[in-house]
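Here's the structure, in structure tokens; my notes come after.
The values are calculated or read from the model by the stated rules, or taken from the named source; none is laboratory data. In this text, all values refer to a predicted model and were calculated from it rather than measured experimentally. Cβ: placed from backbone, ideal geometry, glycine included. Neighbour counts: every protein chain shown. Side chains are part of the model used for accessible areas, which takes the heavy atoms of the whole protein and leaves out ligands, DNA and RNA. Shrake-Rupley method; radii C 1.70, N 1.55, O 1.52, S 1.80 Å.
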Amino acid sequence: MLEHLSVLSPDPILGLAAECRADPNSNKIDLTVGIYMNESGVCPVFHAVREAQQQLVADEITKAYLPAAGDAVYLQSMKSLVFGDELVGDGSKITAIQTPGGCGALRIASEVLAAAAPDATVWISNPTWPVHIPLMGSVGLKFETYSYYDPASHGVDFGNMTNDLKGAKKGDVVLLHGCCHNPSGADLTLEQWAQIADMAEAQGFTVLVDLAYQGMGTNLEADVAGLRLLAGRLGELIVAASCSKNLGLYRERTGVALFFGKDTQTAAATHSHGLGAARRVYSMPPAHGALLAGRVLSDPALRASWESELSEICARMIELRTQLSEKLSEKTNQDFSFISREKGMFSFLGLSVDQARGLRKDRGLYMLDSSRINVAALNEQNMDKVVEAVASVL
Ligand SMILES: Cc1ncc(COP(=O)(O)O)c(C=O)c1O
């Protein structure tokens, strides 16, 4: 049977990263995949995670399944990290399902949305993280796009965004990136989040927030101010959160689907659908990452260490943005100041597909065809090489 299968084209991001790994050029630079790398080019383990891991190895007495919804300490910690204690209240209106990464959370959220509104259209930003489409589309949800990034101004095209979203009806879902928009780095202001809340109230659409970078844009609180505003105003919000980046737990597959509902009855029904979806798709969540995250978030000393390391990482990314934008502006006599206004790991350099491919072929500088780069892969060793290479094609 399997011989009838034809080979699919590789994932656009992972395929390029594999191409880079196979490139024998010793000067190659990989700015493709969204992982944070320190000055030595290593994606580090947080000190608090390392410590929690030692404790866990010493304390663990079983590898029995976790409860199907996940580890209670982790779930409680994630509710309060994302929504803050005031919105969480006694927690009875919020349902949380521990998932394999943020991708698992998006999938569980999609399954629950499809159960609640099988004909829902999901509105996604143009552009968005490409994985949203297969991940949510495989559940059977349909898509519409809304304008988001304006390549001319290198910022959010809010006028066209709100114009397009006038088409979102009751029963539709609008997918927003909580912070650090992937791929553009262009985020909504708090005033713009408030205008989206006005529209959601008037039109009745539901908002799903993809939160993969909390703490990596400005700080842990500011990065969720927009989604908290929506949750408070609308009384209903779905969040797919990931601990891959902000706790450095990428390979441990640690995420959570959070459903902020209107009342406890809705929460109970949502919970049952979330559990049903998890059972169908992967049955039980992986434990290790969530047990580490739960310890780090709930232990005061580990928490303080994590918060301080995360804010150093965030500050370093802001500094890399400043350096890149200044160096590129100086070298090319063009305005790259937009790079320092953006948040998180990603930025479009504004190159054509041919320029991006040329840099790959001639200089071993790997970025996506869209010229999206991972700013967090820059360091003192490669910064000037990147600037020089980019300037050479402009
Ligand atoms: C926008 C966005 N959403 C979700 C994810 C999911 O991350 P993971 O499944 O690795 O936790 C990512 C990871 O790169 C992302 O960039």
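Note on the range 232-267: residues that are within 10 Å of the ligand (Cβ to nearest atom) and hydroxyl-bearing (Ser, Thr, Tyr) amount to 4. Only one of the numbered conditions (1) within 14 Å of the chain's Cα centre (by Cα); (2) touching a residue at least 60 places away in the same chain (Cβ under 8 Å); (3) within 30 Å of LYS170 (Cα to Cα) is violated by VAL281, and that is (1).
Just to be sure before I move on: is ASP210 touching a strand residue (DSSP E or B) at 6+ places or on another chain (Cβ under 9 Å), modelled with pLDDT of 95 or more, part of a loop (DSSP other than H, G, I, E, B) and among the acidic types (Asp, Glu) in the structure I sent?
The answer is no for ASP210.
Here the condition is being within 16 Å of the ligand (Cβ to nearest atom), under 22 Å from the mean Cα position of the chain (by Cα) and on the phi < 0 side of the Ramachandran plot; of LEU190, LEU175, LEU229, it holds for LEU175 alone. Only one of the numbered conditions (1) open to solvent by less than 10 Å² (accessible area, probe 1.4 Å); (2) within 12 Å of the ligand (Cβ to nearest atom) is violated by PRO130, and that is (1).
If you go through the range 148-162 one residue at a time, do you hit one that is in contact (Cβ under 8 Å) with a residue 40 or more places away in the chain, of a type outside the set (Gly, Ala, Ser) and more than 16 Å from the ligand (Cβ to nearest atom)? For the range 148-162, residues in contact (Cβ under 8 Å) with a residue 40 or more places away in the chain, of a type outside the set (Gly, Ala, Ser) and more than 16 Å from the ligand (Cβ to nearest atom): present.
Checked against (1) within 17 Å of the chain's Cα centre (by Cα); (2) on the phi > 0 side of the Ramachandran plot, HIS154 passes all but a single condition, namely (1). Scanning the range 1-54 for residues that are assigned to a helix (DSSP H, G or I) and open to solvent by 100 Å² or more (accessible area, probe 1.4 Å) turns up LEU2, GLU3, HIS4, LEU14, ARG21, HIS47, ARG50, GLN54.
Is there a residue being assigned to a helix (DSSP H, G or I), buried (at least 18 other Cβ atoms within 10 Å of the Cβ) and over 19 Å from the mean Cα position of the chain (by Cα) anywhere in the range 244-255? No, the conditions are met nowhere in the range 244-255. Taking residues in the range 67-82 that are assigned to a helix (DSSP H, G or I), and partners anywhere that are open to solvent by 40 Å² or more (accessible area, probe 1.4 Å), the pairs with Cβ atoms closer than 8 Å and at least 6 places apart or on different chains are VAL73/ARG295; VAL73/SER298; GLN76/SER298; SER77/SER298.
Being assigned to a helix (DSSP H, G or I) and either at pLDDT 95 or above or open to solvent by 50 Å² or more (accessible area, probe 1.4 Å) (or both) narrows it down to one residue among LEU229, LEU220, LEU258; which is it? Quick ask: steps written out before the conclusion?
Numbers: LEU220 fails: assigned to a helix (DSSP H, G or I); LEU258 fails: assigned to a helix (DSSP H, G or I).
Among LEU229, LEU220, LEU258, only LEU229 is assigned to a helix (DSSP H, G or I) and either at pLDDT 95 or above or open to solvent by 50 Å² or more (accessible area, probe 1.4 Å) (or both).
None of ALA105, ALA115 is in contact (Cβ under 8 Å) with a residue 40 or more places away in the chain, within 16 Å of the ligand (Cβ to nearest atom) and in a helix (DSSP H, G or I) except ALA105. Scanning the range 88-102 for residues that are away from the ligand (no atom under 16 Å from the Cβ), buried (at least 20 other Cβ atoms within 10 Å of the Cβ) and of a type outside the set (Ser, Thr, Tyr) returns LYS93, ILE94. Within the range 281-292, if we keep just the residues that are at pLDDT 95 or above and part of a helix (DSSP H, G or I), the residue that is farthest from the ligand (Cβ to nearest atom) turns out to be LEU291.
Collect the residues in the range 356-370 that are part of a helix (DSSP H, G or I) and surrounded by fewer than 18 Cβ atoms within 10 Å (Cβ to Cβ), keeping them in residue-number order. Passing the criteria: ARG357, GLY358, LYS361, ASP362.
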